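Novice: Have a look at the structure that comes next, please.
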Amino acid sequence: MAKSAIKQKPGGWGRRISGWLAKAAIAFVLLSLAFVALYRFVPPPFTLTMAGDILAGRSVTKDWRSLDEIDPDMARAVIAGEDSAFCAHHGFDYTAIAAAAIRNASGGRIRGGSTISQQTAKNVFLWQGGGYARKAAEAWFTVLIEAIWGKRRIMEVYLNVAETGIGTYGVEAGARRYFGHGADRLTEREAARIAAVLPLPKKRAGVAPQGFTRRYGNTITRRIGIVRRERLDACVRG
């Protein structure tokens, strides 16, 4: 009798596991919606990338600034350097993704084709690095912030949480680190130099950049005027 009392019915464990997975999925959806809705109005206080710096023994410097307090050329610089179709897409630039895949397959400089929206989703809610699970979560959060935040908020958050140097987060902290003044007084060249650092902030310097970083910064400087004239930044203008 004792043995039969604890005997599981056929498929019992499968149903339990399925139930746990369903509850976990529902909890993830609800929590993600709650945090995205909260960060629509409240600055994200911390990120996993910042936590990684602290665990590595480094200090973290950050100083939140609203988009209206950041020189408009900074948004133009990241659009020019990171995502020229930012105002046109809904979170994913499929043309850029396809081009990056072809370039990577042919042995060119490895690039992911991620949009500013995708990078913001990763920086705020997830961890650095690859993996299918991280990519899937990134896509989910990208859809949410595009729907709930809108372009101006996405740009505002991106410019405040993106790593601009070792232990340095946001363009305000980056501007003060590299140029000794706030992000509200950036010149085109200074904004371009910060934008050129963003892809590899722990390996590139905004002051006296060399090699590729210098050339890339000069290219972004020239592109800022194009972004302005062609209104590629229309969705973030006040």
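Novice: Going toward the positive end of the dipole of the stretch 108-238, with +1 on Lys and Arg Cβ and -1 on Asp and Glu Cβ, which of 224, 173, 159 do you reach last?
Specialist: 224
Novice: To continue, here is another question. Can you return the aspartates and glutamates within cross-link range of residue 122? Criterion is Cα-Cα under 14 Å, with same-chain partners fewer than 8 residues away left out.
Specialist: List returned: 138, 146, 163.
Novice: Then there's this: Using a probe radius of 1.4 Å on heavy atoms only, what accessible surface per residue do you get for the chain? Whole Å² is fine.
Specialist: Values: 12860 Å² over 238 residues.
Normalised by residue count, the accessible surface of the chain is 54 Å².
Novice: Under a crude label model (7 Å from the Cα following the beta-carbon direction), how far is residue 56 from residue 102 in nanometres?
Specialist: So the label points at residue 56 and residue 102 sit 3.5 nm apart.
Novice: Please give the length that would be gained between residue 40 and residue 218 if that part of the chain were fully extended, namely 0.36 nm times their separation in residues minus their C-alpha to C-alpha distance (nm, one decimal).
Specialist: My answer for the length gained is 60.7 nm.
Novice: Whole percent per 5 Å bin, from 0 to the bin with the longest distance: what is P(r) over all C-alpha pairs of the stretch 124-238?
Specialist: Taking every Cα pair in the stretch 124-238, the percentages come to 2, 11, 17, 20, 20, 17, 10, 3, 0.
Novice: Would you calculate the volume per residue, in Å³, of the smallest convex hull containing every Cα atom of the chain?
Specialist: On the way: hull volume 41.3 nm³, N = 238.
Here the figure is 174 Å³ per residue.
Novice: Here's a follow-up. Using 0.36 nm times the number of residues separating residue 90 and residue 136, minus their current alpha carbon distance, what extension gain do you get?
Specialist: Additional length available on full extension: 14.9 nm.
Novice: Follow-up. What angle do you read, to the nearest 10 degrees and between 0 and 90, between the alpha-carbon axis of helix 188-197 and the longest principal axis of the chain?
Specialist: Relative to the chain, helix 188-197 is tipped by roughly 30 degrees.
Novice: While we're on this one: Quote the relative contact order of the chain in percent (integer), defining contacts as alpha-carbon pairs under 8 Å separated by 6+ residues.
Specialist: Across the chain, relative contact order equals 25 percent.
Novice: Once the Cα atoms of helix 116-125 and of the chain are each reduced to a long axis, what angle between those two axes, in degrees from 0 to 90 to the nearest 10, is obtained?
Specialist: On a 0 to 90 degree scale, this one is about 50.
Novice: Here's another thing I want to ask about it. For the stretch 58-74, just list the computed ³J(HN,Hα) in residue order, Karplus coefficients 6.51, -1.76 and 1.60, θ = phi - 60°, integers in Hz, with x standing in for Gly and Pro.
Specialist: 9, 7, 10, 10, 8, 8, 5, 9, 5, 4, 5, 9, 10, 4, x, 5, 5
Novice: What is the magnitude of the charge dipole of the chain about its Cα centre, with +1 placed on the Cβ of each Lys and Arg, -1 on the Cβ of each Asp and Glu, and no other charges, expressed in debye to the nearest 20?
Specialist: On the way: 36 positive and 19 negative charges, 195 e Å.
I would put it at about 940 debye.
Novice: Moving to a separate point now. On the protein heavy atoms, probe 1.4 angstrom, tell me the percent of accessible surface of the stretch 16-236 carried by carbon and sulfur.
Specialist: Ligands and nucleic acids excluded, carbon and sulfur give 60 percent.
Novice: Please return the longest stretch of the chain lacking exposed loop sites, where trypsin sites (Lys or Arg not before Pro) count only if DSSP places them in a loop and at most 14 other Cβ atoms lie within 10 Å.
Specialist: Details: sites that count: 7, 40, 58, 109, 111, 202, 203, 231, 237.
In short, 112-201.
Novice: Which ³J(HN,Hα) values, rounded to whole Hz and listed in residue order, are derived for the stretch 146-156 from phi using the Karplus coefficients 6.51, -1.76 and 1.60 in 6.51 cos²θ - 1.76 cosθ + 1.60 with θ = phi - 60°, glycine and proline given as x?
Specialist: Coupling constants for the stretch 146-156: 5, 7, 9, 8, x, 5, 4, 5, 4, 5, 4 Hz.
The values are calculated or read from the model by the stated rules, or taken from the named source; none is laboratory data. From a predicted model like this one, the values you see are computed outputs, not experimental measurements. Ideal geometry is used to build each Cβ from the backbone, glycine not excepted, and the neighbour counts take in all protein chains shown. Remember, those area values only see protein heavy atoms, side chains included, never the ligands or the DNA or RNA. Shrake-Rupley method; radii C 1.70, N 1.55, O 1.52, S 1.80 Å.
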